[in-house]
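The values are calculated or read from the model by the stated rules, or taken from the named source; none is laboratory data. Quantities reported herein were computed from a predicted structural model and do not represent experimental measurements. Glycine gets a Cβ as well: all are built from the backbone with ideal geometry, and neighbour counts include every protein chain shown. Only protein heavy atoms, including side chains, enter the accessible area calculation; ligands, DNA and RNA are left aside. Shrake-Rupley method; radii C 1.70, N 1.55, O 1.52, S 1.80 Å.
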Amino acid sequence: MNITKQKGTKDIMFKEVNYWQKFESVIKEVCDSHNFSEIRVPTFEATELFSRSVGDGTDIVTKEMYTFKDRGDRSITLRPEFTAGVVRAYVENGLSSRPSPVKLWYAGPVFRYEKMQKGRYREFRQFGVEIFGSSSYLADIESITVAKEILEKLGIYDDLKLKINSIGCKECRAKYIETLREYLKDKIDNMCDDCKVRYEKNIMRIIDCKEDLEVKKEMPMITDYLCEDCKKDFENLQNGLKNLGIEYEIDKKIVRGLDYYNKAVFEFASKDLDLSVGGGGRYDLLVDMLGGAKTPATGFAFGMDRIVLLLEEKGMSIDKRPDIFFIASNGDAYFKASILQNKLRKMGLITDIDICERSFSSQMKYASKINARFVIIIGEDEIKNNIVTIKNLDTGNQFTADFDASVIMKSIEIM
Ligand code: HAM
């Protein structure tokens, strides 16, 4: 039996890979322009890193992690997200001694054992930023601005909406959780099984569960329990977004699925598809919790596969097309063509040449299958007269030119 790919993984190739490359180049351009530095952290870490930071009671830790014992009997987990690993690296490498704030970005695969559906995979890729050392709402705005600029450059900003919320600090959240627990006390027995578990382990996640909506209509919401400081921070964030003309809506149901958040949280959601393409927020207690000095921090991550889905659905045309396919009649012609080809590549063209020693007509068929713009034919006559024959495959026009890269370049530009 043939071996096939694992459920929830995919092979990214040809047309789709063009979208990925475009996305990756935009990420680098925008992050460079904001003076973020790239960080590359390991794909696997000690399991404890994620259970401590993402949280023991979360779906990610209880149901979705790829965890195994390595040959040295250590419990290892394939990263289900980046933030925990980046914080570990921040602490371990003493990045707090660098000028603050430290602004980092990353991109790469993450792993979650999830039920598969459109836009939900087991190996998927995230791009994200993390900012360490600023407790100001301006740092939240900086990361939202990076996200916005990337989406704008990709032409999909208008297809998404930014939803924000505040889940308060440790103090106001403790008071809120008490009220919520009291409110749900005599209702929880009739709620879904997941929420029964959440009631004990991770009560705030009951808020974004899509079951039992009737019970939840009257549920107390954290925004009504914020302390003065958290209220002020949330107002500042909203005013800042308004001042920058960044549209947003407040969604009191956003509580995020990872335990490390406090205060401002946000998500980018597709207006058409029922999918969150990115999310993030503040996590001021995590650095300290993982052994570093108290350091405020904030960041977000995009699900890159979901962004690429949007680009594909929009049908953005970013196909790559070879400029020239060289058809050489024999070995001598091949080597002459190859020299010319190198010169044209250095001038920026995408060129290709037959490497199967096929007949003239098969080479011609191949050139049209790969959608080349031009073929350049080098046969015996062309070599004798020191010329090339150029054919425009879109129009069928054919003509000859001197065997000279600059002349060829000029002639195909004017065709
Ligand atoms: P998250 O919301 O768990 O946040 O994941 C971020 C994004 O990853 C989601 O918005 C979604 O687009 C994508 N995603 C999640 N699960 C899947 C899946 N199974 N298949 C495809 N895409 C998926 C975090 O991971 C935080 N570390 C973000 C963050 C960074 N917060 C602060 N800094």
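List of remarks:
- Net length gained if the chain between Glu247 and Cys192 were fully extended (0.36 nm per residue, minus Cα distance): 16.3 nm
- The chain: relative contact order as a whole-number percent, Cα under 8 Å and 6+ apart: 15 percent
- Centre-to-centre, using Cα atoms only, segment 166-234 and segment 140-164 are separated by 28 Å.
- If you plug the beta carbon distance of Asn2 and Cys227 into 1/(1 + (r/R0)^6) with R0 = 51 Å, you get a FRET efficiency near 0.30.
- Here the Karplus curve 6.51 cos²θ - 1.76 cosθ + 1.60, taken at θ = phi - 60°, turns the phi angles of segment 320-336 into couplings of 8, 9, x, 6, 9, 10, 8, 10, 10, 7, 7, x, 4, 4, 4, 5, 5 Hz, with x standing for Gly and Pro.
- Fraction of accessible area attributable to carbon and sulfur, segment 170-226 (%, probe 1.4 Å): 47 percent
- Across segment 104-109, coupling constants 3J(HN,Hα) worked out from phi with the 6.51/-1.76/1.60 Karplus curve, θ = phi - 60°, read 10, 10, 8, 7, x, x Hz, and Gly and Pro carry x.
- Between Met13 and Ser406, the distance separating the two model label sites (each 7 Å from Cα on the Cα→Cβ line) works out to 4.2 nm.
- Whole-Å distance, taken between Cα centres, linking segment 281-332 and segment 22-55: 11 Å
- Couplings for segment 40-56, taken from phi via the Karplus curve 6.51 cos²θ - 1.76 cosθ + 1.60 with θ = phi - 60°, read 10, 9, x, 6, 10, 9, 4, 3, 4, 4, 7, 5, 6, 8, 5, x, 4 Hz in order; Gly and Pro are left as x.
- Hydrodynamic radius by Kirkwood, which averages 1/r over all alpha carbon pairs of segment 324-414, in angstrom: 12.9 Å
- Segment 290-409: relative contact order in percent, alpha carbon pairs under 8 Å with at least 6 residues between: 24 percent
- Accessible area of Tyr66 (1.4 Å probe, protein heavy atoms only, ligands and nucleic acids ignored): about 70 Å².
- Cα-based shape type of segment 1-148, given that a ≥ b ≥ c are square roots of the gyration tensor eigenvalues and the cut on a/c is 1.5: oblate
- Cα-based helix-to-principal-axis angle, 360-369 vs the chain, degrees rounded to 10: 30 degrees
- Segment 170-226 - percent relative contact order, Cα under 8 Å, separation 6 or more: 47 percent
- The residue list Ala269, Met204, Gly379 was ranked by how far each Cα lies along the charge dipole of the chain toward its positive end, using unit charges on Cβ atoms, and Gly379 comes out on top.
- Segment 324-414 - percent of accessible surface contributed by carbon and sulfur, probe 1.4 Å: 50 percent
- Around the amide H of Ile254, modelled in the peptide plane, lies no amide H under 5 Å away from a residue 5 or more places distant or on another chain.
- The ratio of the alpha-carbon radius of gyration of the chain to the globular-protein estimate 2.2 N^0.38 Å is 1.28.
- Were the residues from Cys356 through Phe399 laid out at 0.36 nm apart, the gain over their Cα-Cα distance would be 12.9 nm.
- Extension reserve of the Cys209-Asn371 stretch, reckoned as 0.36 nm per residue once the Cα distance is removed: 53.4 nm
- GNM on the chain, alpha-carbon springs under 10 angstrom: the most fluctuating residue among Asp284, Asp194, Asp59 is Asp194.
- Using a Gaussian network model of the chain in which every pair of alpha carbons under 10 angstrom is joined by a spring, one finds that among Phe23, Phe266, Phe14 the greatest mean-square fluctuation is at Phe14.
- Average accessible surface area per residue within segment 158-202, 1.4 Å rolling probe, Å²: 57 Å²
- Under 5 Å, built H, 5+ apart or other chain: amide partners of Phe44: Arg79
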